[in-house]
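Worksheet: one structure, shown below.
Every number in this text was worked out from the coordinates using simple rules, so none of it is lab data. Since this is a predicted model, take the numbers as computed values, not measurements. Don't worry about glycine lacking a Cβ; one is built from the backbone with ideal geometry, like all the others, and counts go over all protein chains shown.
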Amino acid sequence: MVLSRRASAFLIAVGLWSWVIWPTFLRNIWADERSFAGGTAQPFFLVHLVLVVVSLAIGTALGVLGVRGWRGARGARAA
């Protein structure tokens, strides 16, 4: 399957967006008073940490697919 350049650009944008938004979200959760008690991470923080890690993994995968699709579309046009 060959992705169009438009679809590939969208996937790249989603991947980049994930890497802009989720680290900011994690910094905000880290600073929240509900995240730590007595120096120990609370379930509130741990749940959000898992959410951030999974979202970054998905964003990375989509970005990689977008880059591969972009390169594949360029090769398909040349052929």
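Tabulated data
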read-out	value
Qualifying residue in the stretch 11-26 (condition: exposed (fewer than 12 other Cβ atoms within 10 Å of the Cβ), part of a helix (DSSP H, G or I), within 15 Å of the chain's Cα centre (by Cα) and polar (S, T, N, Q))	yes
Where a residue in the stretch 1-26 is touching a residue at least 12 places away in the same chain (Cβ under 8 Å) and its partner, wherever it lies, is part of a loop (DSSP other than H, G, I, E, B), with Cβ under 9 Å and at least six apart	11/3
So residue 71, is it outside any helix (DSSP H, G or I) and either out of contact with any Pro (no Cβ under 8 Å at 6 or more places or on another chain) or surrounded by 13 or more Cβ atoms within 10 Å (Cβ to Cβ) (or both)	no
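Residue-by-condition table, conditions (1) small (Gly, Ala, Ser); (2) without any contact (Cβ under 8 Å) to a residue 40 or more places away in the chain; (3) in contact with an Asp or Glu (Cβ under 7 Å, 6 or more places away or on another chain):
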| site | (1), (2), (3) |
| --- | --- |
| 40 | no, yes, no |
| 51 | no, yes, no |
| 55 | yes, yes, no |
| 58 | no, no, no |
| 73 | yes, no, no |
